Structure formats: structure tokens, C-alpha cells
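Down below is the structure, laid out as C-alpha cells.
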Amino acid sequence: MSLLYALAVLVVGFRGQDPRTGEVLWAIDWLDPALMLQVAGATLLLVGGASLIRIAQLRGGGHVVAEAMGGRLLHGNSQEPLERKILNVVEEMSIAAGTPTPPVYLLDQEPGINAFAAGYTVDDAVVGITRGCAERLSRDELQGVVAHEFSHILNGDMRLNIRLIGILYGILVIGFLGYMLLRSSFWSGAVRRRDSKDNSALAMLAIGIALMAIGFIGTFFGNLIKASVSRQREFLADASAVQFTRNPSGIAGALKKIGGLDVGATINNPNAAEVSHLFFGRAIESGLNSLFSTHPPLEERIARLDPSWSPSGKSVADTGRSSTGSTAPGAMGFAAGAAERGLDQIGQISTAHLDYAQQLISDLPQDVLDAVHEPYGARAVIYALLIDGDRETRAIQFAQMPDIADPDVWKLALRLQPHIAALDPKTRLPLLDLTLPALRELSPSQFVRFRKGLVSLIEADHSLELFEWTLQRVLLTHLKPTFEPFHPVRATIARLDRVARPCSVVLSTLARASGNDPEEIDRAFQIGRKSLGIAKIEWLAAEASSLPVLDGALETLLKLTAKRKRDLLTACARVICADQEVGIAEAELFRAIADTLECPVPPLLAGQPLT
């Protein structure tokens with residue numbers, strides 16, 4: 001990709017218009033070296049400046065892309081059947097993936113079957129669904145499409161894709177400028193006034209045509225770069241979607257319906273060309289599809305998912321009898337042959353996770369389910385989760401909160417508390433995930449007041465319990481980027497031995513959460529230590545690895561490279577695996593650690609065997 005980009009800038013920079021004659025020349029034709037350098041420098045400045053401006057515009061995250069595509073935000077409390085179907089599928093997938101529920105945008109004006117995920121991180125990610133996708137696909141097919149998009153979120157493709165928009169904008173901007181000048185010249189009407197001596201419109205027309213010709217080079221290379229980056233990732237996302245759902249007929253059925261629909265996956269929005277590589281299906285058609293297409297051929301994608309399907313003699317839309325009992329060869333098996341298959345599933349959604357998510361949502365009382373989908377109720381649910389079981393502590397909380405929290409929110413929290421207290425503890429963090437879209441809709445002042453109430457409830461007994469720390473850590477990790485200036489942490493640490501002390505804090509805290517038997521705790525810690533293979537890792541007493549100390553350790557470990565973060569999370573998983581079972585406390589702690597390190601993982605289900 002870097003080579004293609006450099007070549008594009010080079011070619012665009014060495015072709016230009018002589019400002020003295022208006023003639024479009026290649027740099028080799030310019031006899032004036034100073035002029036050649038000036039034009040090349042100006043081109044580089046224009047390309048680089050345009051890219052920087054576009055990157056700055058995209059810092060708002062996925063919602064910037066969704067709104068540019070004409071998307072309409074769906075509110076979680078919507079009861080419209082079509083919108084409810086979309087929201088339910090996305091909520092189930094987010095719980096199964098162990099990520100916050102992303103905002104969902106419906107592209108009302110798009111009849112084609114398509115979808116996208118956009119954003120830099122899970123905290124600013126959005127999912128976009130076309131109306132054609134929502135109306136024409138069955139629930140299983142829609143689930144396959146959403147699983148495909150979640151694969152892009154979990155595998156880091158989403159961040160690469162949105163950065164690619166900004167980087168490529170620079171080499172495309174010359175063509176955009178030419179188009180704007182060409183359009184302006186026609187609108188001016190001066191060209192049509194033969195008796196006019198004003199030739200400004202003609203000059204503008206000539207410059208516009210020249211710039212569009214030069215811009216074609218940028219467009220050519222830009223499309224080539226997008227195609228080279230996107231195609232293989234689409235195959236991998238298809239395979240991951242099958243792995244997530246264990247239902248190849250779902251995503252294969254969606255692809256077949258795209259092939260049988262006249263409009264296919266086409267997106268009509270004029271901004272589609274810029275973001276075409278984000279979509280599930282081919283969003284724009286080109287005369288050079290084989291060269292420029294951001295997606296593999298539809299027939300090839302279907303054949304990989306459903307080997308029994310053949311395009312000969314049947315429509316691509318003919319869903320026929322898709323394979324349902326097993327997955328297609330090559331679509332599965334990312335963990336095949338691994339010595340410890342359970343550990344290799346960390347970070348991979350499975351049908352067990354989807355079943356768990358669906359069951360969890362269906363078991364929630366309707367009052368609680370309604371509450372998580374709107375800002376008042378979402379705050380009340382979080383407060384209710386923190387109301388203490390101890391009578392004295394609860395009395396302090398009840399005395400303080402009316403002066404801190406919004407009265408209506410606190411009143412609702414008290415009404416919901418008995419329902420929430422009766423829930424299985426394993427639902428606590430998924431319930432938190434469901435509240436996040438609504439909590440992001442708070443005003444800055446409402447968030448400040450909500451946070452004060454949160455802290456007051458936690459500090460009422462002057463001690464910090466593990467669940468209180470976990471809830472606060474997960475909640476603020478995902479809400480801070482919305483309400484506070486966000487500065488991404490650069491990965492500057494590539495060796496774990498440089499952060500042996502913070503690693504010791506993490507492993508000691510996690511081992512201590514895994515049980516009460518000193519021998520089992522020590523055994524779990526030693527397994528994690530061996531996994532990291534660092535001699536400097538040492539067991540730390542409770543006061544040296546307290547929850548406030550863990551906060552500081554995680555801030556340091558956030559600077560690790562992605563590979564080293566995965567090594568650390570694998571060691572954490574091995575600590576949990578030591579007794580062959582996952583307890584609720586250690587599963588919640590593991591989730592908080594993973595979220596802080598910006599490595600979303602599916603939930604470690606309580607009681608789940610890991611080997």
C-alpha cells in the first residue's frame with residue numbers, strides 16, 4: 001500500500017499545468033527546474049494538507065461516516081418492528097463479543113443490501129445498515145452480516161479502513177477540485193453568453209478539465225490501494241462471521257440475495273465512492289471491477305461459504321439448500337490443531353456466546369430492558385447495580401443520593417433495584433454494556449452529575465469492592481472519550497520485561513480473585529508467570545497489588561504493542577484456567593483488564609471449561 005501511495009503522489013506531482021501558458025505538461029517536458037520543483041512542492045503540500053484536514057474531520061469517529069452516508073441514528077427504545085429487529089441483533093452480537101453496544105444507523109434511502117462498521121475504537125464505533133438489508137434479509141441472514149461487521153471491529157480492520165479514507169483523500173482532492181471548478185463554470189452561465197467578453201468561465205472550464213485529468217491519476221491509484229487492502233480482509237471477515245454464528249447459510253444467504261437483486265449492494269449516496277471499502281458488499285460499480293473492486297467476486301465469496309452451491313444453472317439469489325450442519329472448508333479452523341483449544345477461543349465469538357447473549361436478554365425483566373435503552377433509565381440501572389446489600393451502607397447511600405442524583409433518576413433506580421438484585425450476577429456487565437448507547441446521549445452536565453452519583457454510591461462504605469472497581473473501570477473506559485478530550489495512547493513498549501512490575505500487579509490481583517486456597521492461588525499465579533516467561537515477575541502481597549495500584553499498572557500497560565497485550569491477556573486467561581473453571585469475579589476482572597487495554601474479548605462464561 002505504501003509503495004502505491006508514494007507512486008500516486010509522485011505521478012500526480014510530476015504532472016501539472018504551466019501557470020504561464022495553461023498547457024498541461026509532464027515534469028520531464030519542463031525546462032525550468034525551479035518551476036518543476038515549485039509545482040511538485042505545491043502538489044505535495046496540497047496532497048498532505050488535504051489528508052491532514054480529512055483525518056481531523058474523521059476524528060469524531062464512526063458517526064461522522066454514518067451521517068455523511070445519510071444514516072439515521074436508531075434509538076434503543078424504538079418499538080418499530082424493523083428497527084427493533086436490527087437493534088436486537090446488534091445488541092446480541094455486542095454482548096457475545098464482549099464490547100459496548102455500538103450506535104446503529106439506518107440508511108433509509110438505500111434499497112440495496114449492504115452494511116458497514118466505522119470508527120477507530122470500540123468506543124466510537126458505529127454500525128450502519130441499509131433499509132434494503134433490514135427489509136430483505138431474514139434474521140439469520142442479518143445476523144451473519146452483522147457478525148461480518150463485528151469481525152472488522154474485533155480484528156482492527158475498522159481502524160485501518162477509516163484511516164485509509166483520510167490518507168487517500170489527499171491524492172483524490174485534485175480531481176475533486178477539478179470537478180467543483182467544472183460544475184461552477186456551467187452554473188455561471190457565462191459560457192452560454194456568446195456576446196459576453198468575460199472569458200472567466202471558459203478559463204475555469206479549461207482549468208477544471210485539466211485538474212480532473214490530473215485527478216484521474218490519483219483516483220486510479222486510490223482505487224487500486226483500496227482494492228489491495230480490502231479484498232483479503234473481506235474473505236477473513238466472512239470466515240469469522242461463520243465462526244461466530246456456526247451458520248454459513250446465514251451470511252451465504254445474504255450474499256445470494258445481493259446477487260439476485262437488480263440493485264444488488266449498490267449505495268446511491270454520492271459519498272459512497274470515498275468509503276466503498278467499508279461496506280459488506282460492493283457499494284459502487286466500476287468498468288474495471290476486476291482491478292478496482294474493493295470486494296472479491298460475489299460468486300467466489302458464496303462458494304467458499306457453501307461449497308455445494310454452483311452458479312451454473314441457477315440464480316445467484318437461489319438460496320437452495322445451504323450447508324447447515326458444518327461450516328465450509330477454510331471458513332473455520334482458526335484454532336484447529338492448537339494444544340489448548342479453550343485458550344485459543346479467547347477473543348473469538350462462538351455460538352455459546354451468542355446463545356448466552358440471546359438467553360440473557362430474553363431473561364431480563366421488561367422494566368429493566370426498557371430502562372437500559374433511554375438515558376434516564378440507563379443511569380437508574382447503573383445506580384441500582386451499586387445499591388449495597390448491607391443495611392448500614394444502604395442507609396448512607398439513600399441519605400446522600402437525593403442531593404446528588406437527578407430526583408427522577410434516583411426514584412427509578414429504587415424501583416428497579418429489587419428486579420436487578422434478583423438477577424443472576426453474571427448479567428451485571430452485559431447489562432452495563434446495554435446502557436452505554438443511551439449514556440452517550442447524556443449532556444456534559446448530566447454526565448458530570450451522573451458520575452458524582454456513581455462515586456457517591458461506591459464510596460458510601462469507605463471501601464472499594466472488586467465489582468465496584470470493575471463497573472467503574474469499564475463504564476468510564478467507554479464513556480470518557482465521549483465527554484472528555486481523548487488522546488490515543490501510542491504503543492511504545494514492545495518488551496514485557498520493561499513492565500515486569502505492572503505485569504506482576506495484574507497477575508497477582510487476578511490470581512487472588514480466583515479463589516481462597518493459598519496453594520491454588522500460588523499455582524494459578526505461577527502458571528501465568530510461566531506463560532509470560534519473564535524472570536522479573538514476582539508475587540505481590542495484597543497491599544502492593546490493591547485495586548488503586550492496579551489502576552496505575554493498567555495505565556502503563558496500555559502503552560504495550562498489540563502483540564504484547566495479547567501475550568499478557570493470554571497469561572491472564574491461563575491464571576483463570578488453573579482451576580478449569582471461570583468464576584464470576586475473575587471473569588469480570590478479566591473483562592475490565594481487557595477493556596482497559598483496548599483488546600475486547602468475548603465474555604469468559606462463569607462455569608465455562610477452558611481446556
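Quick notes on this structure:
- Residues of the range 426-449 with amide N under 20 Å of a point placed 7 Å along Cα→Cβ from Asp108: none
- The charge dipole of the range 62-158, taken about its Cα centre with unit charges on the Cβ atoms of Lys, Arg (+1), Asp and Glu (-1) only, comes to about 160 debye.
- Convex hull of Cα atoms in the range 62-158, direction-averaged projection (nm²): 5.4 nm²
- Packing-based exposure ordering (other Cβ within 10 Å, fewest first) of Val455, Val263, Val275: Val455, Val263, Val275
- Contact order relative to length of the range 365-483, as percent, for alpha carbon pairs under 8 angstrom and 6 or more apart: 37 percent
- Karplus (6.51, -1.76, 1.60) ³J(HN,Hα), θ = phi - 60°, over the range 473-484, in Hz, Gly and Pro reported as x: 5, 5, 4, 6, 4, 8, 9, 4, x, 7, 10, 10
- Shown here is the pair-distance distribution of the range 64-116: with all Cα-Cα distances grouped in 10 Å bins from zero up to the longest one, the shares run 23, 53, 24, 0 percent.
- Electrostatic dipole magnitude of the range 365-483 [Cβ: Lys, Arg +1; Asp, Glu -1; Cα centre; debye, to 20]: 260 debye
- Spin-label model distance (nm) - Gln400 vs Ala535, 7 Å beyond Cα toward Cβ: 4.8 nm
- Computed FRET value (nearest 0.05) for Glu519 with Asp367, which takes r as the C-beta separation and R₀ as 45 Å: 0.50
- Under 16 Å from the Cα of Lys257 - aspartates and glutamates, other chains or at least 8 residues apart: Glu110, Glu135, Asp140, Glu141, Asp238, Glu299, Glu300, Asp306, Asp318
- Measuring r between the beta carbons of Val448 and Arg231 and using R0 = 51 Å, the FRET efficiency lands at 0.65.
- Ala303-Ala542 pseudo-label distance in nm [points 7 Å out on the Cα-to-Cβ vector]: 6.4 nm
- Theoretical FRET efficiency, 1/(1+(r/R0)^6), r = Cβ-Cβ of Lys480 and Val263, R0 45 Å, to 0.05: 0.65
- Remark: the Glu555-Arg415 segment gains 46.7 nm on full extension, using 0.36 nm per residue and subtracting the alpha carbon distance.
- When DSSP beta bridges are restricted to pairs lying wholly in the range 62-158, around 65% turn out antiparallel.
- For the range 383-541, the calculated P(r) over all alpha carbon pairs, in 10 Å bins from 0 to the bin holding the longest distance, is 9, 28, 29, 23, 10, 0 percent.
- Karplus-derived 3J(HN,Hα) values for the range 454-471, using 6.51 cos²θ - 1.76 cosθ + 1.60 with θ = phi - 60°, are 4, 5, 4, 5, 6, 8, 4, 9, 6, 8, 10, 7, 4, 5, 4, 5, 4, 4 Hz; glycine and proline are entered as x.
Every number here is computed from the coordinates shown, using simple stated rules; none is lab data. Bear in mind that the values here come from a model prediction, so they are computed numbers and not experimental data. Cβ sites come from the backbone with ideal geometry, for glycine too, and all protein chains shown count toward neighbours.
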